[in-house]
Amino acid sequence: MLVGAGAADITPPLEVGILMSAAERRWEPFAGVRLPLSARALLIQQERRQVALVSLDLLGLSSRAVGGMRSFKRRAVASSGLNLKTTDLILTCTHTHSAPESLGLTDLCRTSAFQSWVGQVARQLGTALAQAARAAQPARLAIGSTRAEALSVHRRIRTIDGVVLRRPDIPADKIISETGPQDDTVTLAALLDRDGRPIGMIANAACHPVHEMCLRQVAPDYPGEMCLALERRHRGAVCLFLNGAAGNLDPLGVSDGPQAARRHGLRLAEVVERALPDLSPSADTRLALARRSVSLPGKTLRGGPAQRPLRAEVAALRIGDLALVFLPGEPFAEIGLEVRRRSPFPLTAVVGYAEDYLGYLPTEAAHDEGGYELGPGRWARVGRGAEGILLREAASLLSLLWSA
């Protein structure tokens with residue numbers, strides 16, 4: 001296969017602001033830039049098949065915010081100058097909370113400054129894709145997994161007053177249980193040149209990037225710190241962080257500042273670095289992408305069942321013996337674990353925050369328990385029954401790619 005990697009700056013102007021409260025639908029301008037935001041792209045070609053995979057240092061992307069996902073992708077491809085189908089372009093976001101409010105949860109997306117920046121992001125995404133195409137060279141694939149222990153925790157705490165988010169000020173006498181499913185797996189892929197040096201790296205792990213939430217400084221949080229550390233160690237390589245099923249997973253600290261984001265990112269980079277020499281070559285070089293449009297039960301902004309279903313897309317990508325499943329929102333950890341359990345592939349990564357953002361993707365049990373992720377609110381648009389549909393469609397796509 002031929003592989004190229006590219007990157008471009010998508011840092012916003014300060015007036016394209018940060019989400020301060022989803023419940024209050026409130027945003028504020030940034031006060032400064034701690035670290036720039038990037039679009040990182042991998043272009044993978046095998047015979048006549050090509051797929052572009054992009055990781056954006058963004059909170060997420062919604063059709064409401066970018067003026068339609070198809071239109072946004074067409075702008076990016078047109079800017080790249082490549083003969084690339086928009087259906088062969090996969091967009092994912094790291095979900096850093098210190099990037100602009102690009103989910104359409106507030107009225108920020110209606111401002112001229114935001115819309116101008118969206119155009120800039122599309123153009124810069126095209127720049128990253130064009131750079132990747134120019135850099136394309138023969139590559140081989142090595143894959144594997146490891147663990148990042150103690151970097152994330154289950155964040156939904158059961159108390160006598162109901163389920164609440166993990167915070168240090170919950171009185172001990174109100175807590176029923178602080179435990180719950182979590183996922184510390186790190187799934188890795190390295191695309192290596194003829195001399196065994198990385199052209200591109202993919203790291204998939206699950207945890208909310210909220211170390212710098214509401215701090216009003218533009219920053220990529222721990223995913224950006226991890227990527228920058230690995231790119232410094234492997235000059236010329238581009239590292240893509242693909243966040244996993246992190247809907248109910250947080251780091252130990254929330255809004256605890258840049259130093260915490262840096263520590264988290266550097267620790268994760270060390271986990272990846274130690275695992276790289278032990279990755280296994282993939283003898284299989286098949287490249288295949290499958291997408292499926294699905295209908296999910298929806299909820300109104302007040303929390304009741306919606307009359308019309310939500311249209312969503314689930315995608316799966318095969319790169320040799322590695323499968324990646326892309327889900328359009330914030331899947332709970334249990335969903336990611338179950339998708340991997342059902343997969344026929346030797347190695348499967350579940351990627352959230354992909355393509356058009358739908359909000360949280362909870363389990364059926366979570367609907368019974370309630371809590372922040374269940375709303376009501378714009379972040380809680382997915383209703384009961386979605387878990388089974390997502391699991392079924394993901395398993396079907398993986399089976400299709402396995403037999404391709």
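Of all the residues in the range 244-260, those that are free of Cβ contacts under 8 Å to residues at least 60 places away in the same chain and not in a loop (DSSP other than H, G, I, E, B) number 2.
Pairing residues of the range 96-110 that are surrounded by fewer than 24 Cβ atoms within 10 Å (Cβ to Cβ) with residues that are among the polar types (S, T, N, Q), at Cβ distances under 9 Å and at least 6 apart in sequence or on separate chains, gives His97/Ser255; Gly104/Ser62; Gly104/Ser63; Thr106/Ser21; Cys109/Ser62; Cys109/Ser102; Cys109/Gln115. Does Leu14 qualify as being more than 25 Å from Ala316 (Cα to Cα) and either among the acidic types (Asp, Glu) or in a loop (DSSP other than H, G, I, E, B) (or both)? So Leu14 passes the test. Could you check, for the range 388-398, whether at least one of its residues is modelled with pLDDT under 95 and under 22 Å from His95 (Cα atoms)? No, because not a single residue in the range 388-398 is modelled with pLDDT under 95 and under 22 Å from His95 (Cα atoms). Sub-8 Å Cβ pairs linking a first residue in the range 377-389 that is part of a helix (DSSP H, G or I) to a second residue that is acidic (Asp, Glu) and surrounded by fewer than 20 Cβ atoms within 10 Å (Cβ to Cβ), at least 6 apart or interchain, are Glu387/Glu364; Gly388/Glu364, ordered by first then second residue. Does at least one position in the range 145-159 carry a residue that is without any contact (Cβ under 8 Å) to a residue 40 or more places away in the chain and in contact with a strand residue (DSSP E or B) (Cβ under 7 Å, 6 or more places away or on another chain)? Yes, some residue in the range 145-159 is without any contact (Cβ under 8 Å) to a residue 40 or more places away in the chain and in contact with a strand residue (DSSP E or B) (Cβ under 7 Å, 6 or more places away or on another chain). Of the listed requirements (1) more than 23 Å from Leu103 (Cα to Cα); (2) without any contact (Cβ under 8 Å) to a residue 60 or more places away in the chain, Leu42 misses just one: (2). Within the range 293-311, being closer than 18 Å to Gly377 by Cβ and assigned to a strand (DSSP E or B) holds for Leu296, Gly298, Lys299, Pro305, Leu310. Exactly one residue out of Asp88, Asp57 is crowded, with 22+ Cβ neighbours inside 10 Å and either among the charged types (D, E, K, R) or touching an Asp or Glu at 6+ places or on another chain (Cβ under 7 Å) (or both): that is Asp57.
Among residues that are buried (at least 18 other Cβ atoms within 10 Å of the Cβ) and modelled with pLDDT of 95 or more, Ala290 is not included. For the range 252-278, residues that are closer than 17 Å to Arg197 by Cα, surrounded by fewer than 20 Cβ atoms within 10 Å (Cβ to Cβ) and among the aliphatic types (A, V, I, L, M) total 2.
The values are calculated or read from the model by the stated rules, or taken from the named source; none is laboratory data. For clarity, every value in this text was computed on a predicted model and none was experimentally measured. Virtual Cβ from ideal backbone geometry, glycine too; neighbours counted across all protein chains shown.
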